[in-house]
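The values are calculated or read from the model by the stated rules, or taken from the named source; none is laboratory data. All values derive from a computational prediction rather than experimental measurement. Positions of Cβ are backbone-derived with ideal geometry, glycine not excepted, and every protein chain shown enters the neighbour counts. Accessible surface areas use protein heavy atoms only, side chains included; no ligands, DNA or RNA. Shrake-Rupley method; radii C 1.70, N 1.55, O 1.52, S 1.80 Å.
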Amino acid sequence: MLKLKYLIENFDLAKNCIQHWEHDPETLTETLGWFRISSNAVYPFHQKGRLCFLRLCPAEVKPLSEVESEIAVIHWLRDQGFSAMAPVPMKNGKFCDRLDTPWGSYVASCFHQVDGLPLEDCPATPQLLEGYGRCLGQLHRMLEHCPCGHQRSGHEEWLAKAEQQFTACHAPDSMKVCLQDLRCQLAQLPRNSDNYSLIHYDFEPDNVFFHPQTGQFSVIDFDDMIHCWHGLDIVRALDGLDDLPQGDEPLSKHERERLFLTGYRSQHPFSTTEEAALPLMRRLVQLTEYAGLLHVLSEEVSNPPEWMMQLRCRLTGKLRWLENQLLG
């Protein structure tokens, strides 16, 4: 998530940046109202009637090279037949650029809307759960051979960044010890081309779409890709299964997870040793989320709106919950 000061909508900034793409001006004011801001500011607009999403991030937060590498991976996946969100070219032919605006420099990119519904809006039938796992297995199988993901960070860099954030934000000593313990435990895990490669990192139900008529799964939001154990993607997906609505025949948590892993293993191996390491993957997720929240909450905003004060309270509560999970 971006720091709180970046979470305030800026429609003038969005309109300024959208000028770099072909767009339908007559619907712009309406569609911009559907914006959302988290790790990026995302502003919808129409291009020849088709819904697109402008994605903006302050250049001081994310370098252009990181977005360029993301888009290169997406193009490669699409060329291999994987259904990922399609980047939309700018008027100058580029797919992303650093734009200098009156509000500062932003890294801008844009993507077409994918077909279907987010999984979080789809009933958790056995077919859907197996298909969800199968989609991730296909993605991992392809990313193992992707020639353009070398610029992405690895889990060691993420731990180093978390350590820097712990120092800068004066994290408790107990959390610093927790980080070092996790680093040592991860160093003991088997690591080879079959279990460690470029992964999505955010393969959760809100980033995977399902088209009921075609049965096709489509994936969005590749901007957090990282080189790590495949289990990290799997544990995030498994933890997100509780967000899916129940189907006509409710399934237990165990059955949901079994169906997902059955689908995954139909496309990519996942050993019992890797499955046993899932709790460690969950701790890695929790620790990086904790460090990120420390960073988000480290800067006060003068005269914050009421919704921002409420958000700060919720994020502080999440921070305490993560700390208890990691130290409990």
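Within the listed set H112, H268, H23, the residue fluctuating most in the Gaussian network model of the chain (springs between alpha-carbon atoms under 10 angstrom) is H23. Just report the Cα centroid separation between the range 151-165 and the range 216-267, whole Å. Here the two parts' Cα centres lie 25 Å apart. In the context of the full set of protein chains, the range 146-215 has a per residue accessible area of 52 Å² (1.4 Å probe). Per atom type, the range 1-147 shows carbon and sulfur on 47% of its accessible surface, probed at 1.4 Å.
Ellipticity at 222 nm from helices only: DSSP H runs of n ≥ 4 in the chain, each -39500 (n - 2.57), divided by the residue count, give -14500 deg cm²/dmol.
The orientation-averaged shadow of the Cα convex hull for the chain, equal to a quarter of the hull surface, comes to 17.7 nm². Run the paramagnetic zone check for S302: 7 angstrom along Cα to Cβ, then residues of the range 1-26 with backbone nitrogen under 15 Å. Answer for the range 1-26: 5.
Partner lysines whose Cα lies under 28 Å from the Cα of K91, excluding those fewer than 8 positions away in the same chain, are identified as K15, K48, K62. Solvent exposure of the range 1-145 amounts to 45 Å² per residue of accessible area, where only protein heavy atoms count and the probe is 1.4 Å.
Heavy-atom accessible area for K62, with the other protein chains in place and a 1.4 Å probe, reaches approximately 20 Å².
For the range 250-292, the per residue solvent-accessible surface stands at 44 Å², with DNA, RNA and ligands left out and a 1.4 Å probe.
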